[in-house]
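None of the figures in this text is laboratory data; all of them are computed from the coordinates on show. From a predicted model like this one, the values you see are computed outputs, not experimental measurements. Here the Cβ is made from the backbone with ideal geometry for all residues, glycine too, and neighbour counts use every protein chain on show.
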């Protein structure tokens with residue numbers, strides 16, 4: 001019963017966040033200078049055509065009514081028309097979102113696994129040369145923005161050495177797999193198309209590392225701090241006094257409580273990857289939703305921008321909900337503390 005109450009509470013909080021986000025997005029775009037009807041029809045459109053479009057878009061109605069009509073359309077999947085692509089925004093999102101999700105998925109995997117491995121090594125060998133080297137690497141990772149890392153990787157591994165490709169999701173010489181999940185690596189594995197899988201991974205590696213490095217460094221430092229703190233606890237001293245092997249102490253008694261704070265941060269870092277992907281997708285010419293949104297911003301395409309931000313808000317809420325469930329599974333006391 002407690003876990004159901006906890007889950008319902010988190011879902012309701014997520015819905016409130018999305019409602020607040022939608023209000024902020026709508027209000028900001030409504031108060032922006034310019035005339036949306038002229039952006040749609042062009043500056044040479046007749047006054048009659050402009051007025052008809054204003055009535056269709058409810059531009060003469062009060063702000064709260066315009067929000068009602070806009071939110072109603074969003075709930076029914078009507079995200080409007082894109083001035084940039086000249087298509088429905090919903091169709092654009094269905095086309096570009098899978099590429100961004102695949103990139104975020106692998107960046108999150110690299111970030112989680114790398115942060116855990118580096119953090120455990122640094123904590124276990126703290127105050128040794130291994131710890132010092134890993135801490136220096138983590139400081140560099142925290143300080144460098146993702147787009148700087150992306151530019152450096154492109155320069156070294158694409159232009160100077162030509163080891164990795166510079167754009168796209170798949171090499172032109174490779175037969176793409178059938179579109180099942182629209183995630184090329186998953187579809188390639190499902191259909192047994194291993195050349196497509198390795199080609200897709202080759203295209204994914206550099207942008208994923210660019211997005212993952214900052215979060216990886218943060219989680220490595222947090223994991224190290226938690227491990228060092230737990231190593232000094234009395235129950236660890238008792239376990240060592242009882243002759244329990246050190247590796248067993250690490251993986252059975254120290255690791256689980258040490259990664260709980262890291263997992264809590266992992267959710268926020270995974271969501272931040274979405275925000276950082278705007279410039280990284282542009283640098284690698286990645287055909288994802290963030291690159292689409294960047295082009296829409298340059299053309300003041302309000303429908304495309306607002307819909308993209310809203311979609312990313314939904315992904316952010318889902319990421320945090322999943323992480324909350326994982327953390328509560330590892331530490332059930334969280335359910336009883338937050339589910340009051």
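Listed by Cβ neighbour count within 10 Å, with the fewest neighbours leading, 70, 124 appear as 124, 70.
Shape analysis of the range 137-273 places it in the prolate category; the axes a ≥ b ≥ c from the Cα gyration tensor give an a/c of at least 1.5, with a/b above b/c. Build a GNM of the chain with springs between Cα atoms under 10 Å apart, and of 125, 64, 253 the one that fluctuates most is 64.
Distance from the C-alpha centroid of the range 261-275 to that of the range 114-187: 17 Å, rounded to the whole angstrom. The candidate values are (1) 23.3; (2) 29.6; (3) 17.9; the one derived from this structure for mean projected area of the Cα convex hull in nm² carries the label (1). Note on 328, 173: ascending count of other Cβ atoms within 10 Å places them as 173, 328, the fewest first. Here the calculated FRET efficiency for residue 47 and residue 329, from their Cβ-Cβ distance with R0 = 51 Å, stands at 0.25, rounded to the nearest 0.05. Were the residues from residue 166 through residue 30 laid out at 0.36 nm apart, the gain over their Cα-Cα distance would be 45.2 nm.
Considered as an equivalent ellipsoid built on the Cα gyration tensor, the range 92-157 has semi-axes of 30, 16, 8 Å, the largest given first. For the range 154-179, list residues with backbone N below 14 Å from a point placed 7 Å from the Cα of residue 190 toward its Cβ? Within reach of a label on residue 190: 177-179. The residue 244 and residue 140 beta-carbon pair, evaluated with R₀ = 45 Å, returns a calculated FRET efficiency of approximately 0.80.
Remark: the Cα gyration tensor places the range 218-312 in the prolate category, a/c being 1.5 or greater and a/b exceeding b/c. Compared with the dominant principal axis of the Cα atoms in the chain, helix 2-31 is inclined by about 40°.
Annotation: extensible slack from residue 128 through residue 23 equals 32.6 nm (criterion: 0.36 nm per residue apart, minus Cα-Cα distance).
Springs join every pair of Cα atoms under 10 Å in this Gaussian network model of the chain, and among 302, 310, 65 the largest mean-square fluctuation is at 65. Note on residue 76 and residue 64: their simple-model spin labels are 2.2 nm apart, each label 7 Å out from Cα toward Cβ. Subtracting the Cα-Cα distance of residue 95 and residue 318 from 0.36 nm times their residue separation leaves 78.2 nm of extension gain. Quote the FRET efficiency, to the nearest 0.05, computed for residue 265 versus residue 156 with a Förster distance R0 of 22 Å and r equal to the Cβ-Cβ distance. Step by step, r from the Cβ atoms, then E = 0.15.
Across 87, 135, 169, mean-square fluctuation computed from a Gaussian network of the chain (C-alpha pairs under 10 Å connected) peaks at 87.
Normalising the average separation of contacting C-alpha pairs (under 8 angstrom, six or more residues apart) by the number of residues puts the relative contact order of the chain at 26 percent.
In degrees between 0 and 90, to the nearest 10, how far off the longest principal axis of the chain does helix 255-283 point, with axes built from Cα atoms? Helix 255-283 sits at roughly 40 degrees to that axis.
Among 225, 128, the order by Cβ neighbours within 10 angstrom, fewest to most, reads 128, 225.
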